[in-house]
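Please read the structure below before turning to the comments.
The values are calculated or read from the model by the stated rules, or taken from the named source; none is laboratory data. Source: prediction; values computed, not measured. In this analysis, Cβ positions are derived from the backbone assuming ideal geometry, glycine residues included, and neighbour counts consider all displayed protein chains. For the accessible areas, the whole protein counts, side chains as well, though only heavy atoms, and no ligand, DNA or RNA atoms are used. Shrake-Rupley method; radii C 1.70, N 1.55, O 1.52, S 1.80 Å.
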Amino acid sequence: MTDTRVRTALHWLLGAWMALVIAAAFFWAPAAAGFKGESSRIVFFHVPQAWVAVLAFCVNLVASLRYLRTRNPLDDARAAAAARLGLIFSLLATVTGSIFANVMWNSFWNWDPREVSIAILLLVYAAYFALREAVPDEERRASLAAAYAILAFVTMPFLVFVVPRIYWSLHPDTIIGATGKLKLQMESRMLQTLFGSLVGFTGLFFWLYTLDVRLARVRLARREREEE
Amino acid sequence: MAGISVEFSRVGKRFGARPVLAAVSGTLRPGEVLVVAGPNGAGKSTLLNILAGVLRPSRGAVSYRRGDVDVPRRDWFENLGMASPDMAVYDELSALENLRFFGRLRGHAVADATLGGLLETLGLPAREHHRPVGTYSSGMKQRVKLAQAALHAPAVLLLDEPSSNLDAAGHEAVAALVARFRPHAAVAVATNDPREIAWGDARLDLAL
Amino acid sequence: MRASTLLSESLAVLGKELISELRSRVALNAIGLFGVTTLIVVAYQIGPYQIQEQDRPHLLSALLWIILFFAATSGLSRVFVKEEDAHTAKALRLAARPLAVFAGKYLFNLILLIALFTLIVPLYCALMGYAVRGVAGLVLVLAAGAVALAATATIVAAIIARASGSTTLFAILSVPLVLPLLVMLIQGTRAAAASAELAAVVPALQGVVSLGGAVLTVSVYLFPVVWHD
């Protein structure tokens, strides 16, 4: 089974990589100037979490669109798996952001546009699962959830791109500035750690996602056998 | 216009973990009445809903065929009439307004006199046609529902417990309706009533 | 193939909705009562003089949309929920094209919203002493708001009617979708109140109209899935 061996190797590599990222975040990268104490180190976890929350939203969209075309229950399982991880990671991003806000500005919540955006993403995920819970019929649940996911995806850009620009923001500049050019004035060791962490978290997402989908595949196959 | 036959192969449905219908196959042929019989909970209504295309089966497939040509799914409904216990017409509208509404939707600009005639053959006297359906007895509602199903002379007629809530005269009216459709349409009747089982040219028994 | 056109089918659905509503008045009563009640509470407890002058532009526009949105929420989901509750959905599903059902129901919700706005907005301006400089601008913002809110409400109503049909679920599903829209509408209303120039409301109008258009466009594709499955 080379497939299993590759999977095991990847999963050990991911563990080592994440350990390295954590070590680098605390010991290798310097604390950024202009932030209270060591508080800037949270960026190495907060930004990748927010990234994974958005990535999960996109994976969910692709799986939902595919479900409506193929009607394959596995595609619905894929969409649900991505949304589950998106819910967890948007929760983590909200909490880490809130901790950072409290250290920097002495308040857990400032109604900053980016806080509002991630909170609404969180609400969308919560609504998605509230909808799934409310439909007992599996085929209908899959279609309704897919429809809602697509609808939410269409309205999200208006939130992220229309609303925040109107407000003034406390949030430190994102990595990609408003002009679309990469802002590379971050210290290079910090930047390396951040990108390393982004890669690590993306890997973590896909590992957890694949586990969930494999589990769903086994469940579907078992039910198929039972019905034969 | 040639009639439509409905073929279904190994259709099954599960609600959550609970199977309600296990892999049944069969065909509805024009000029034939298929009786679907079986105890309560055996999946008669589920099967009819799947045949109508209003419920997606968990497995198996349904196809409508006119001669050798496949009828695309989006054209099923216009060739279909259906009456079932989980259906209702609008309480706020009168019987005639209901039929006029469904007629307009289906593009059949049927004259009021024809609609009234249809209601009368199903045993709803003319003096009742203008009252809101909400004030009707359940038997009268059942007659309006049957008129709704037959209104556009569909090629496929699906009747789920058509005589429920009806008296002996009502049962006769349903029998006459089925007799009128039998020569050209494909008819399915889901029932436990021995009088209705007797209408069948073919019979499908569902078990629990 | 079909004898009826999409337009005539849509109008038949709209006509049926209007007749049913005129005879039962459930949605009109719910929306109207909810709107008037919250308006009276706000006007009585806050009124024109309780708000500091510098806060008036922000608070008055936000309060107006809170009243309008919550009144709308109480009635707009009924278009689909009542079809499932009364078991009439199946007959409608079999007889009408999905797009005609969506169009008829959307137009009905739009009419309900316009009626609500016409009732509440003048009353609100009078009771709260809300001086609006750009009346034409405000009317445009309200019209765009009605078009966009009706679109979101109609498709979400279609989804929840096929789920549990509860108004709680309607609120849970629509809030994240409607929040950006409400923010834009509040900003547009503030701009219209402050300036007689139509140009002042253009940024908000652009946002609202494009969001409404986007929701309507995807709804056309999503509705058949939601309605039939």
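For this structure, a couple of remarks:
- In the set (1) within 14 Å of another protein chain (Cβ to nearest Cβ); (2) over 12 Å from the mean Cα position of the chain (by Cα), C:L149 fails one condition alone, (2).
- The condition of being in contact (Cβ under 8 Å) with a residue 40 or more places away in the chain, over 24 Å from B:D70 (Cα atoms) and surrounded by 19 or more Cβ atoms within 10 Å (Cβ to Cβ) holds for only one of B:L28, B:L21, B:L34, B:L48, that being B:L21.
- Of all the residues in the stretch C:83-103, those that are closer than 17 Å to C:L18 by Cβ, part of a helix (DSSP H, G or I) and either among the aliphatic types (A, V, I, L, M) or more than 10 Å from chain B (Cβ to nearest Cβ) (or both) number 5.
- From the list C:T167, C:T154, the one residue that fits, being more than 9 Å from chain A (Cβ to nearest Cβ) and open to solvent by 10 Å² or more (accessible area, probe 1.4 Å), is C:T167.
- Just one of the numbered conditions (1) at pLDDT below 90; (2) buried (at least 22 other Cβ atoms within 10 Å of the Cβ) is not true of C:P203: (2).
- Within the stretch C:1-30, considering residues that are modelled with pLDDT under 90 and more than 9 Å from every other protein chain (Cβ to nearest Cβ), the one farthest from C:A153 (Cα to Cα): C:L6
- Residue match in the stretch C:42-52 (condition: within 14 Å of another protein chain (Cβ to nearest Cβ) and outside any loop (DSSP other than H, G, I, E, B)): no
- Sole residue being modelled with pLDDT under 90, closer than 19 Å to C:A12 by Cα and either under 18 Å from the mean Cα position of the chain (by Cα) or open to solvent by 20 Å² or more (accessible area, probe 1.4 Å) (or both), chosen from B:A113, B:A109: B:A109
Yes or no, residue by residue, for (1) open to solvent by less than 50 Å² (accessible area, probe 1.4 Å); (2) at positive phi; (3) hydroxyl-bearing (S, T, Y); (4) over 15 Å from the mean Cα position of the chain (by Cα):
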{"residue": "B:D86", "(1), (2), (3), (4)": "no, no, no, no"}
{"residue": "B:A95", "(1), (2), (3), (4)": "yes, no, no, yes"}
{"residue": "B:E120", "(1), (2), (3), (4)": "no, no, no, yes"}
{"residue": "B:Y136", "(1), (2), (3), (4)": "yes, no, yes, yes"}
{"residue": "B:L151", "(1), (2), (3), (4)": "yes, no, no, no"}
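- Within the stretch B:1-35, the residues that satisfy the criterion of being touching a helix residue (DSSP H, G or I) at 6+ places or on another chain (Cβ under 8 Å) and more than 14 Å from chain A (Cβ to nearest Cβ) are B:I4, B:V6, B:F8, B:L28, B:V33, B:V35.
- Considering the conditions (1) more than 9 Å from every other protein chain (Cβ to nearest Cβ); (2) surrounded by 18 or more Cβ atoms within 10 Å (Cβ to Cβ); (3) among the small types (G, A, S), B:S58 is excluded by exactly one of them, (1).
- Criterion applied to B:A173, B:A188 was being hydrophobic (A, V, I, L, M, F, W, C), open to solvent by less than 70 Å² (accessible area, probe 1.4 Å) and in a strand (DSSP E or B), and the one residue passing it is B:A188.
- Near pairs, Cβ below 6 angstrom, 6+ apart or cross-chain, from the stretch C:155-170 (aromatic (F, W, Y)) to any residue that is part of a helix (DSSP H, G or I): C:F170/C:I160
- Among the residues making up the stretch B:78-136, none is touching a Ser or Thr at 6+ places or on another chain (Cβ under 7 Å), away from every other protein chain (no Cβ under 13 Å) and hydroxyl-bearing (S, T, Y).
- Looking across A:L85, A:L123, A:L151, one residue alone is open to solvent by less than 30 Å² (accessible area, probe 1.4 Å), free of Cβ contacts under 8 Å to residues at least 12 places away in the same chain and in a helix (DSSP H, G or I). It is A:L151.
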